[in-house]
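Below is one structure, written out as structure tokens, with a few remarks after it.
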Amino acid sequence: MAQDGIEALDERSRDIFTQIVESYVATGEPIGSRTISRQLGVSLSPATIRNVMADLEEAGLLFSPHTSAGRLPTDLGLRIFVDGLLAVGGDLSENERASIDGQCSAVGRTFPDVLEEASTALSGLSACAGLVVTPSRDAPLRHIEFVPLSDNRALAVLVTDGEQVENRVIDLPPGLPFSALQQATNYLGSRMVGKTLEEARFRIAAEIEQQRTELDALSTKVVEAGLALWSGEAQSGGTLILKGQSRLLSDVTALDDLERIRSLFELLERKETMLRLIDSTGSAEGVRIFIGSESDLFTHTGCSMIIAPYRDTSRRVVGAIGVIGPTRMNYARIIPMVDYTSKLLGRLLG
């Protein structure tokens with residue numbers, strides 16, 4: 001059944017199954033055969049509907065949360081339903097599209113500011129938590145500069161093609177002239193621009209080791225200080241922007257649920273988790289959906305994630321954007337929302 005999809009169900013089973021899933025998305029409560037019979041408005045008796053529900057339960061698509069006659073979809077059932085939505089496709093309303101466009105406008109903003117707004121926009125429209133992951137270590141570099149602050153300190157500025165800006169204060173060797181800072185800036189600019197931080201770091205480290213830099217001793221110390229600083233940034237795995245976390249708590253009614261959501265927040269803040277999120281979207285052309293226990297990231301959390309990569313002009317994945325919400329989130333509405341926003345970010349990068 002998991003491989004065949006929702007189209008493998010006959011029309012009656014498909015109608016009943018869809019009614020159960022849509023009711024779950026709307027209320028989060030199990031639905032019984034009598035209610036389904038009334039809502040479908042067709043000549044199916046509650047007994048017939050119960051038989052179909054039993055077959056769907058045996059197929060692993062439904063389960064009964066307690067002794068009542070009501071049923072809820074399993075994670076597998078939700079997967080079958082969502083795959084059917086992806087096959088059919090969907091679109092945003094004009095108001096939703098205009099809202100995302102307006103909130104993500106790049107006029108007068110840096111790209112990191114746009115990412116913040118995109119995450120906020122998705123959170124507000126979806127009533128879920130908005131998520132943006134950016135792997136800063138993989139972005140090509142656009143600009144490098146050392147700006148003097150005082151006799152013994154300078155600001156190291158690094159700008160990527162994705163308009164991410166890293167500003168860090170470094171200590172300078174005593175008696176360093178301004179010309180040494182300028183020399184270090186020129187040297188790094190000629191070797192780092194257009195490359196990722198890791199690519200540039202290895203090349204420059206090798207040149208320094210082999211004494212092929214044509215830098216004086218003081219300028220070399222500035223370059224080494226900058227490399228050490230940025231190398232630490234490169235290993236950090238990127239940046240996580242999470243907006244609207246409180247929305248994940250709206251349906252929480254028990255302390256156990258609260259603890260599961262708290263554990264999810266802690267997991268998301270780990271750098272290795274961010275890398276996994278990026279890796280999970282790297283080979284995807286469009287939206288990916290992780291439903292409940294399908295992913296060990298969301299096991300026992302009662303949550304799902306809808307996420308899509310955004311790409312630069314070279315079609316390389318430079319980040320991912322999406323939402324995290326309860327497994328009963330409105331997939332039909334949110335999937336096209338995430339898809340549209342990821343493509344918008346790609347266009348803004350261009």
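The values are calculated or read from the model by the stated rules, or taken from the named source; none is laboratory data. This one's a predicted model, so the numbers in the text were calculated from it and none came from an experiment. Positions of Cβ are generated from backbone atoms using ideal geometry, with glycine treated the same way; all protein chains shown enter the neighbour counts. These area figures cover heavy atoms from the full protein model, side chains too; ligands, DNA and RNA do not enter into them. Shrake-Rupley method; radii C 1.70, N 1.55, O 1.52, S 1.80 Å.
Note on region 7-68: dipole from Cβ charges, positive end direction compared against SER64, TYR24, LEU44; the farthest Cα belongs to LEU44. For region 291-334, the carbon plus sulfur part of the accessible surface works out to 47%, probe radius 1.4 Å. Placing R0 at 51 angstrom, the Cβ-Cβ distance between VAL42 and LEU267 gives a FRET efficiency of 0.70 after rounding to 0.05.
Cα convex hull of region 44-142: mean projected area in nm², to one decimal?
Numbers: hull surface 45.0 nm².
Over all viewing directions, region 44-142 projects a mean Cα-hull area of 11.3 nm².
The residues of region 1-147 expose, per residue, 48 Å² of accessible area to a 1.4 Å probe. Between SER93 and LYS195, residue separation times 0.36 nm minus the direct Cα-Cα distance comes to 32.7 nm.
Taking the centroid of alpha carbons for each part, region 282-337 and region 5-76 are 26 Å apart.
A full extension of the chain between ALA26 and LEU86 corresponds to an added length of 19.6 nm, given 0.36 nm per residue minus the alpha carbon distance.
At the residue level, SER295 shows approximately 20 square angstrom of accessible surface with a 1.4 angstrom probe and all protein chains present.
By how many nm would the segment from ARG316 to GLU259 lengthen if fully extended, with 0.36 nm per residue of separation less the alpha-carbon distance?
Extending this stretch completely gives an extra 16.8 nm.
Within the accessible area of region 60-99, the carbon and sulfur atoms contribute 57%, probe 1.4 Å, all protein chains present.
Beta carbons within 10 angstrom, averaged per residue: use that to sort the peptides 144-154, 319-329, highest first.
On the way: 144-154: 15.4, 319-329: 25.6.
Ranked by mean Cβ neighbours within 10 Å, highest first: 319-329, 144-154.
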